[in-house]
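Report on the following structure.
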Amino acid sequence: MASNSANILNAFTQLPIREKLSLLTGFAAVAAIGVASWLWGSSPDYRVLYGNLSDRDGGAIIASLNTMNIPYKFSESGGAIMVPASQVNDVRLRIASQGLPKGSAVGFESMDTQKFGLTQFQEQINYQRALEGELARSIESLAAVQGARVHLAIPKPSVFLREQNKPTASVLLSLHPGRTLDRSQVAGIVHLISSSVPELNPRGVSVLDQAGNLLSARNDSDINLDPAQLAFVQQIEANHAKRIEEILEPVVGRGNIHAQVTAEIDFSQTESTAETYRPNQTPDAAAIRNQQLNETGGTSTPGAQGVPGAASNQPGAQGTPAAAAGLNSAGGRKESATSYELDRTVRHIKQPVGMVKRLSAAVVINHRKTVDAEGKSTLTALSADEMTQLTALTKEAMGFNTTRGDSVNVANAPFNIEEREAVPEIPLWQQPENIALAKDVAKSLGIAAMILYLLLGVVRPFFRQVNESLATASVVPQLEAQSASTLDKALPESGQDVARALARQDPKAVANVVRNWVSKE
């Protein structure tokens, strides 16, 4: 092993200075490329630890990271602190155990460092600041709220009832981009503030966003829809407009129709109970509740019979048969009493909530586009019959009801469509993501080609030359042991072949041997 190292060193010392510099440069380049590739492949992937931090919290977190010997760096915009991706969750838990980030607001932890000798006014101010900070933190926990500030106006208590003033509050919200708060969420914030401050009326709380819009404005109008009802109305209108467009698009073409529907919805809850009495029906159809029949009998006595007049009063006159047979019943009595059921109707009606009171539809249809043989396009208005048919289709699609007072207006007008410049599609080789991928691949291939060139063009020839030198060094003692005149006879055939091969492959080595012979005579 030691002899091989010595031979390599001797071979290196015999090289010209230019080849030595090339060889050293190649080895240095290979080592540098290897180290750079290793560092590039082993560099950790950084992820965001915290973003949008205040200066105080950012400094405290950086100090904590330095104490824990955790590498970090800032994002390109400088608004976030980044750590290795494998340590994000661990670092967040360890930093949270230290109470970071605290946020810009100061909560009740400020009461833990109270000093002796504070006046009552200072204590009241510190308590108010702590309460404002705690309320701001609670509001910031909402998903749509990025930051919040709370200002409380708490009047000084007075012993006079007439001079007592109620506290008020103002809340300034900073919402995340693209996020909004509905009325129920604003009402929740108002309720949170009013419930946290004694004697604070919800009407005394004002909520503003970062644009200065008053979110807690009261709507005193007659129409006061909550978000759910407003969403229901919008859904009804969108469904009717979609039905109209879907029924007319196959006739006029896609993009040639626009429809808008306005719906009046009744959200009132109505319940009514009615009890009516109708006159009794005929006795045959009426229902009998109770029936009583009383009948009493009496004695029968003969009464006046015959035909009234003078003939009947004369002696010997005969009466008629009916008069002879008739008897007058005296003392008989018959009573009948019948009670019928009352015709009574009880009706309880509960009107459904969300009934459509009225629909109004406005539909505009583009002129028909025709293209002649030369490729020139012209717009022509629709005929009256076509407009009548389209109007009828619109009424059927929206469920037109004349009793309800619905209205439909279908107009035919040319659309004013701005011609957009046709943007050619970006080829694959010009797309940014493909260009970035190509750069990464080219960088990797360049490094691999550089390493391969150095190995095959510099390192491999050097070791080949060293091996040839070692082979020459093993044959030189045999050549030097024989004289020049008896060399061919003394060497065996294998030695002669080796000598000839060395003379062909490395004439410099053979020349060195001859030079040594000449110098030694």
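Tabulated data
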quantity	calculated
Qualifying residue in region 366-381 (condition: hydrophobic (A, V, I, L, M, F, W, C), closer than 21 Å to ARG254 by Cα and touching a residue at least 40 places away in the same chain (Cβ under 8 Å))	no
Test: residue in region 237-254 that is over 30 Å from LEU393 (Cα atoms), open to solvent by 60 Å² or more (accessible area, probe 1.4 Å), out of contact with any Asp or Glu (no Cβ under 6 Å at 6 or more places or on another chain) and modelled with pLDDT of 85 or more	no
Test set (1) under 30 Å from ALA28 (Cβ atoms); (2) more than 37 Å from the chain's Cα centre (by Cα); (3) exposed (fewer than 11 other Cβ atoms within 10 Å of the Cβ) - ALA448 fails condition number	(3)
Any chance ALA169 is touching a strand residue (DSSP E or B) at 6+ places or on another chain (Cβ under 7 Å) and surrounded by 14 or more Cβ atoms within 10 Å (Cβ to Cβ)	yes
Scope region 125-166; condition farther than 18 Å from SER196 by Cα and open to solvent by less than 70 Å² (accessible area, probe 1.4 Å); matching residues	ALA144, VAL145, GLY147, SER158
Where a residue in region 404-421 is over 11 Å from LEU359 (Cα atoms) and its partner, wherever it lies, is acidic (Asp, Glu) and modelled with pLDDT of 70 or more, with Cβ under 9 Å and at least six apart	ASN412/GLU386
Test for VAL353: is it part of a loop (DSSP other than H, G, I, E, B), surrounded by 10 or more Cβ atoms within 10 Å (Cβ to Cβ) and at pLDDT 75 or above	yes
Qualifying residues in region 356-373 (those that are surrounded by 11 or more Cβ atoms within 10 Å (Cβ to Cβ) and of a type in the set (A, V, I, L, M)) - the one modelled with the lowest pLDDT	VAL356
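The values are calculated or read from the model by the stated rules, or taken from the named source; none is laboratory data. On a predicted model such as this, the values are computed, not experimentally measured, just so you know. With ideal geometry, Cβ positions are generated from the backbone for all residues, glycine too; neighbour counts draw on all protein chains shown. What goes into the accessible areas is simple: the full protein's heavy atoms, side chains included, and nothing from ligands, DNA or RNA. Shrake-Rupley method; radii C 1.70, N 1.55, O 1.52, S 1.80 Å.
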